[in-house]
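The structure under discussion appears below in the form of structure tokens.
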Amino acid sequence: MMKMVNDFQKEYPGVRFNVFDGDGDALRRQIDEGRLDLACLIEPVEAAKYNYVVLPIKEQWSLLMRSDDSLAQRTAISKNDLYKLPLILPHRNIVRDEVSDILKLDQTKLNWMVTNNLPSNTIELIRSGNYYAIGIKGIKALSADPKITFIPFTPKKETGHLLIWRKNNMLAPGRRALPPVRDRTD
């Protein structure tokens with residue numbers, strides 16, 4: 001996403017971004033309150049009340065763990081593997097439900113220890129070797145830690161991203177940056 005911001009600002013240097021990280025619920029609340037113009041959300045999203053564009057970004061759902069864990073040698077993780085592990089789960093029910101539907105998980109059998117709203121917050125817990133996190137592949141890219149690995153689920157589950165904004169709301173026009181006004185007393 002930040003590459004898209006960079007490319008956009010090259011073409012439109014007067015546009016400024018105020019980047020705010022949060023889960024989908026927090027971002028949608030800020031859109032609804034008029035405190036954000038746009039939000040990039042990971043699906044699933046209740047998007048019917050927004051205008052949106054599907055972004056050309058796909059992420060694969062996986063289990064994140066330490067690279068030296070015995071499961072790290074696997075090519076895929078199944079639902080039966082998940083029932084045995086101390087898990088960090090996504091905070092949003094809609095996300096947990098979607099992953100559970102695809103994997104045919106019984107959520108009552110999961111040994112979840114932590115939920116979180118920002119996946120990058122889980123990296124330190126994963127490093128401890130005491131937790132495994134359900135998340136998207138992009139989390140590993142954020143950490144750039146060779147001690148963290150990503151093993152995809154079977155069956156494969158991918159998710160997309162949406163760029164949303166309020167319906168019936170005019171977005172602020174982009175403006176070219178003007179030089180600062182100086183008070184000239186001479």
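The residues of the range 59-77 that are modelled with pLDDT under 90 and open to solvent by 30 Å² or more (accessible area, probe 1.4 Å), listed by number, are GLU59, GLN60. Among the residues of the range 66-103, those identified as farther than 25 Å from ASP25 by Cβ and touching a helix residue (DSSP H, G or I) at 6+ places or on another chain (Cβ under 6 Å) are LYS79, TYR83. Of the residues in the range 61-69, not one is outside any helix (DSSP H, G or I), out of contact with any Pro (no Cβ under 7 Å at 6 or more places or on another chain) and among the small types (Gly, Ala, Ser).
Pairs only if they're at least six apart or on different chains, beta carbon under 7 angstrom, first in the range 32-45 and modelled with pLDDT under 85, second open to solvent by 60 Å² or more (accessible area, probe 1.4 Å); list them, first residue then second. From residues that are modelled with pLDDT under 85, the pairs are PRO44/GLU98. The residues in the range 113-131 that are of a type in the set (A, V, I, L, M, F, W, C), over 14 Å from the mean Cα position of the chain (by Cα) and surrounded by fewer than 16 Cβ atoms within 10 Å (Cβ to Cβ) can be counted, and the count is 2. Would you say THR154 is open to solvent by 60 Å² or more (accessible area, probe 1.4 Å), at pLDDT 85 or above and within 25 Å of SER78 (Cβ to Cβ)? So THR154 passes the test. Against the condition modelled with pLDDT of 90 or more and either in contact with a Leu (Cβ under 9 Å, 6 or more places away or on another chain) or among the acidic types (Asp, Glu) (or both), how does VAL53 come out, does it pass? Yes, satisfied.
The values are calculated or read from the model by the stated rules, or taken from the named source; none is laboratory data. All values reported here derive from a predicted model rather than from experimental measurement. Cβ atoms come from the backbone with ideal geometry, glycine included; neighbour counts cover every protein chain shown. SASA here: full protein model, heavy atoms, side chains in, ligands and nucleic acids out. Shrake-Rupley method; radii C 1.70, N 1.55, O 1.52, S 1.80 Å.
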